[in-house]
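This report refers to the structure that appears directly beneath it.
Derivation of every value follows stated rules applied to the coordinates shown; laboratory data play no part. Source: prediction; values computed, not measured. Quick reminder, even Gly has a Cβ in these numbers, built from the backbone with ideal geometry, and neighbours come from all protein chains shown.
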Amino acid sequence: MEQFEVTFAGFGGQGIMTAGQLLAYAAMAEGKKVIWLPSYGPEMRGGTAYCTVVISDERIGSPIINNPKALCVFNRPSFDKFASRVKPGGILIVNSSLINVSSDRKDLTQLLVPANDIALKAGTPKTANIVVLGAFIGASDVIPFDTVRKTVKQKMGAKKELLEINLTVLKQGYDLARKMLAKKEKV
């Protein structure tokens, strides 16, 4: 596996860091080399927040990534700031529940995922980050879905009722991304 970089970006309080950490833990469970690098705006909840996860089979030279292979954006300011930085041939996952625009770039795969809508239907808006994580796994195949599922169970299993919702929306995000990619390939 060549090095794979993904940035999760949004407002503080949207679970950006949690999504990145879960991906990093899942990658470690697969025996990969991993860097998880958080970055916060001046205020935590409501301020800008993003994290980058770098996954590789080899040693990782630098944790600083300006042009990730994938980007998962949760809000419009993050879309505006980061969407142009995705490498050509990369993946852009947009939380279309909160972002009413899309990229006009033709050199990447863009998936518009209504993460907040899916999370609300499942029972709590707090799980929108897990919807996006599932969509990212479905779009990238960087880590097997089952490994991510086990990691979510391990790391988020303290609250049983929330765990079931998290596992449900993880699968829904994954399935939605798979379905969207299959449609794009038919076109």
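Where does the charge balance sit around THR18 when Lys and Arg score +1, Asp and Glu -1, over other residues with C-beta under 12 Å from its C-beta?
Residues close to THR18 contribute a combined charge of +2.
Find the centroid of the Cα atoms in region 101-137 and in region 138-187, then give the distance between the two in whole Å.
The two parts, judged by their Cα centres, are 11 Å apart.
I'd like to know which of LEU111, SER78, VAL169 lies farthest towards the positive end of the charge dipole of the chain, counting +1 on Cβ of Lys and Arg and -1 on Cβ of Asp and Glu.
Ranked along the dipole, the leading option is VAL169.
Within a Cβ distance under 14 Å of VAL86, other residues only, what is the Lys/Arg minus Asp/Glu net charge?
+2
Within the chain, what's the longest run with no trypsin sites (Lys or Arg not before Pro) in a DSSP loop and at most 11 other beta-carbon atoms within 10 Å? Give the range, please.
Result for the longest clean stretch: 107-158.
Could I have the simple spin-label model distance between LYS155 and ASP57, label points 7 Å from Cα toward Cβ, reported in nm to one decimal?
That separation, rounded to one decimal, is 2.4 nm.
How many nm is it between the label spots at SER39 and LYS87, if each spot is 7 Å from the Cα in line with the beta carbon?
1.7 nm
Straight-line reach from LYS171: which aspartates and glutamates have a Cα under 14 Å away, not including same-chain ones fewer than 8 places off?
Output for LYS171: ASP141, ASP146.
Can you tell me which aspartates and glutamates have their Cα less than 12 Å from the Cα of LYS155? Leave out same-chain residues fewer than eight positions away.
none
With a sphere of radius 14 Å drawn around the Cβ of MET28, what net charge do the other residues whose Cβ falls strictly inside it have (Lys, Arg +1; Asp, Glu -1)?
Spelling it out: positives minus negatives among the neighbours equals +2.
Once label points are set 7 Å from the Cα along Cα→Cβ at both ILE64 and LYS179, what is their separation, rounded to one decimal in nm?
About 4.2 nm separates the two model spin labels.
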